[in-house]
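For reference, the structure discussed in these notes is given below.
The values are calculated or read from the model by the stated rules, or taken from the named source; none is laboratory data. Note that this is a predicted model, so its numbers are computed, not measured. Reconstructed Cβ throughout: ideal geometry from the backbone, glycine too, with neighbour counts over all protein chains shown. Quick note on the areas: whole protein, heavy atoms, side chains included, nothing else; ligands and nucleic acids left out. Shrake-Rupley method; radii C 1.70, N 1.55, O 1.52, S 1.80 Å.
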Amino acid sequence: MNMNRYLDIAPEVAQALKDNKPVVALESTIISHGMPYPQNVETALKVNQIIRDNGAVPATVAIIGGRLKAGLSDAEIEYLGKAGSKVSKVSRRDLPVVVAKGMDGATTVATTMIVAHMAGIRVFATGGIGGVHRGAETTMDISADLEELGQTPVMVVCAGAKSILDLGLTLEYLETKGVPVIGYGTKELPAFYTRKSGFGVDYELDTPAEVAAAFHAQRGMGLKTGMLVTNPIPEEFSMDPAVINKAIDEAVAEAKAKGIHGKDTTPFLLAKIKDITGGDSLDSNIQLVFNNARLAAQTAGELCRLG
Ligand code: PSU
Ligand code: MN
């Protein structure tokens, strides 16, 4: 099964895949660049536990010493969390040099999908995806995550997209690429910190079994696209839209004034929003990741039942 010579699959993950037991992939940029230390490491370890409690095996993806890893040890997670933004943020275009040079790297949604697919993992849980940035009509800043969703058959469970992005354009892009956007128990795209965005999704599905059945059909038809499952943050952890939208507007304005661009944009905005909201956004962020881990583990279980 371990066909790719650049890939190491953790023994527990390899065994689960061989036995048709559920596995959930997790990204590492959320650990290194998406949250501060030590909450990043605490969150990642708790996510692993939640996935286990829901009957699946966690497989955090990263690049260590130039090796693609599907499944990290707790010590490796601690290392990436402590190193933070000193570790390279690795999207699709960064892979060749990082691997050839034997570097360490934290994988974005795009790269985690690539490695998950190489390993044979079908379901991936995260917080938020990259998308079409506000002002992309002049900057052309569109995350490689969207292209990956258009070409790599992995299900990504997220809490929707943050309004650091242009949500309307992000949905248009996904439509063009043929990516199904599922609302879990909702007809509206969740906006990460809040349950609503004002934008509709393609389909509402209400159980892990329904989500698994849709993905199973997609794969059964040989469609090569991914699937985006958007899972609203639990009500009790959602933020006041006025507060969070003001923080996001301020962060976006500051990024523009400072000329932040390229791969630095998303990490800059995430850190800024956390500073402005005094940590409230971090608490919400952590809770929505837990919620996505639960749904992903249950859906992975249903997929295994389908074969
Ligand atoms: N959005 C979040 N949290 C994150 C990210 C995005 O709410 O941690 C990270 C993910 O790793 C995602 C990446 O794949 O940022 C997107 O970066 P870019 O926009 O540069 O493609
Ligand atoms: Mn970008």
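Among all residue pairs at least 6 apart or on different chains, which show Cβ distances below 6 Å where the first residue, located in segment 13-24, is in contact (Cβ under 8 Å) with a residue 12 or more places away in the chain and the second is not aliphatic (A, V, I, L, M)?
Val13/Gly71; Leu17/Gly120; Asn20/Cys304; Pro22/Gly301; Pro22/Cys304; Val24/Pro58
How about segment 195-292: which helices (runs of 4 or more DSSP H) wholly inside it have at least 3 residues that are open to solvent by 80 Å² or more (accessible area, probe 1.4 Å)?
So the answer is 241-257.
Give segment 76-91 a look and list any residue that's within 22 Å of Val23 (Cβ to Cβ) and within 16 Å of ligand 2 (Cβ to nearest atom), or say none.
Correct list: Val90 only.
So His133 clears everything in (1) under 21 Å from Val289 (Cα atoms); (2) in contact (Cβ under 8 Å) with a residue 60 or more places away in the chain; (3) open to solvent by 10 Å² or more (accessible area, probe 1.4 Å) except one condition, right? Which one?
Every condition holds for His133 apart from (1).
Quick check, is Ser85 in contact (Cβ under 8 Å) with a residue 24 or more places away in the chain, open to solvent by 10 Å² or more (accessible area, probe 1.4 Å), of a type in the set (Ser, Thr, Tyr) and more than 28 Å from Lys187 (Cβ to Cβ)?
Yes, satisfied.
Among (1) over 20 Å from the mean Cα position of the chain (by Cα); (2) surrounded by 18 or more Cβ atoms within 10 Å (Cβ to Cβ), which single condition is Pro190 missing?
Status for Pro190: all satisfied but (1).
Are there any strands (runs of 3 or more DSSP E) wholly within segment 32-145 with 2 or more residues that are within 11 Å of ligand 1 (Cβ to nearest atom), and if so which? Steps first, answer last, please.
Details: elements: 57-64, 67-70, 88-90, 105-107, 123-125.
Qualifying strands (runs of 3 or more DSSP E): 88-90, 105-107.
In segment 264-279, which residues are touching a helix residue (DSSP H, G or I) at 6+ places or on another chain (Cβ under 8 Å), within 13 Å of ligand 2 (Cβ to nearest atom) and not hydroxyl-bearing (Ser, Thr, Tyr)?
Pro267, Phe268, Leu269
Quick check: is even one residue across segment 153-171 among the small types (Gly, Ala, Ser), under 26 Å from Ile260 (Cβ atoms) and open to solvent by 10 Å² or more (accessible area, probe 1.4 Å)?
Yes, some residue in segment 153-171 is among the small types (Gly, Ala, Ser), under 26 Å from Ile260 (Cβ atoms) and open to solvent by 10 Å² or more (accessible area, probe 1.4 Å).
Return the residue satisfying two criteria in turn: it lies in segment 151-174 and is closer than 24 Å to Leu306 by Cβ and in a loop (DSSP other than H, G, I, E, B), and of such residues it is farthest from ligand 1 (Cβ to nearest atom).
Selected residue: Pro153.
If Lys263 passes every condition in (1) away from ligand 1 (no atom under 16 Å from the Cβ); (2) in contact with a strand residue (DSSP E or B) (Cβ under 6 Å, 6 or more places away or on another chain) but one, which one does it miss?
Of the numbered conditions (1) away from ligand 1 (no atom under 16 Å from the Cβ); (2) in contact with a strand residue (DSSP E or B) (Cβ under 6 Å, 6 or more places away or on another chain), the odd one out for Lys263 is (1).
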